[in-house]
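Here is the structure we will look at.
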Amino acid sequence: MLIETQAAGPFMKNGFIVSCERTREAVLIDPGDEVGGLLAYAERHDLKIREILLTHAHVDHVTGVAAAKRALGVDVYLHRDDQFLYEDAVQHGLLFGLRVETPPPVDHYYSTGQVIAFGDYEVRPVHTPGHCPGGVCLAIAQAGTPAQDLFVGDTLFAGSIGRTDLPGGDYQTLIASIREVLFPFGDAARVYPGHGPQTTIGQERRTNPFLQAE
């Protein structure tokens, strides 16, 4: 599995392309202000992006969805509980003094037990509310193997957790999502947050101050 990560101002939010090294099929995760760089990367490496997958719908994670949809013509996936945030992306952008292009309609809402395939790999979306109602972890693995690569949006960061003072956020729900949904993937599982560097479940379980206090 190949992973490309890029970020751009003003939010420095991580966007990802995850691709199959054999088939060159890929998924695009959380296209934001870095979308141009990610699309250029896909073209340079002859990747065939099959889906646009959103971990949640806060404005910094969706500013590039319209451009990605226009360029790729593929389906957009989101958790239904974040539809209200997705619909308000333009207004939320204005709060930061930014012009955000209206995101295209969501094509599919994630469902329990859903498997989204690309090449030799599978994405399994797992609901992780708390930072927002429709947050998901996108657990990716080679078909038939346990997931060890987790794209967690703003649920968990290296040394921190997602904020819960935004609409729909809830601290106790977030902590429960981390402990009850993410921790069971095991200490070796790699965590790719929406902001900042990569980490692991074990590193955060042992040292994250928000989780040590619980």
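The values are calculated or read from the model by the stated rules, or taken from the named source; none is laboratory data. For clarity, every value in this text was computed on a predicted model and none was experimentally measured. Cβ placement follows ideal geometry from the backbone for every residue including glycine, while neighbour counts extend to all protein chains displayed. Areas reflect the complete protein model, heavy atoms only, side chains present, ligands, DNA and RNA absent. Shrake-Rupley method; radii C 1.70, N 1.55, O 1.52, S 1.80 Å.
When 147, 158, 176 are checked against the criterion of being modelled with pLDDT of 95 or more and farther than 22 Å from residue 30 by Cα, 176 stands alone in meeting it. Residues of region 142-180 that are of a type in the set (A, V, I, L, M) and buried (at least 17 other Cβ atoms within 10 Å of the Cβ): 147, 150, 152, 156, 161, 174, 175, 178. Taking the criterion of being among the β-branched types (Val, Ile, Thr), modelled with pLDDT of 95 or more and open to solvent by 30 Å² or more (accessible area, probe 1.4 Å), would at least one residue in region 53-62 satisfy it? There is no residue in region 53-62 that is among the β-branched types (Val, Ile, Thr), modelled with pLDDT of 95 or more and open to solvent by 30 Å² or more (accessible area, probe 1.4 Å).
Taking region 73-105 as the range and being among the aromatic types (Phe, Trp, Tyr) and assigned to a helix (DSSP H, G or I) as the test, the residues that pass are 84, 86. Residues of region 1-30 that are surrounded by fewer than 20 Cβ atoms within 10 Å (Cβ to Cβ) and under 28 Å from residue 95 (Cα atoms): 5, 6, 7, 8, 9, 10, 11, 12. The single condition among (1) closer than 19 Å to residue 16 by Cβ; (2) under 15 Å from the mean Cα position of the chain (by Cα); (3) hydroxyl-bearing (Ser, Thr, Tyr) that residue 109 does not meet is (1).
The residue list 102, 207 contains one member that is farther than 28 Å from residue 75 by Cβ and among the β-branched types (Val, Ile, Thr), which is 207.
In region 1-12, the residues that are polar (S, T, N, Q) form Cβ pairs under 7 Å with partners that are part of a loop (DSSP other than H, G, I, E, B), at six or more places apart or across chains, as follows: 5/14; 6/34.
So in region 63-101, with the set limited to residues that are open to solvent by 10 Å² or more (accessible area, probe 1.4 Å), of a type in the set (Asp, Glu) and out of contact with any helix residue (DSSP H, G or I) (no Cβ under 7 Å at 6 or more places or on another chain), which one is farthest from residue 125 (Cα to Cα)? The extreme case among them is 88. When 128, 207, 200, 164 are screened for being more than 22 Å from residue 20 (Cβ to Cβ), β-branched (Val, Ile, Thr) and free of Cβ contacts under 8 Å to residues at least 24 places away in the same chain, only 200 passes.
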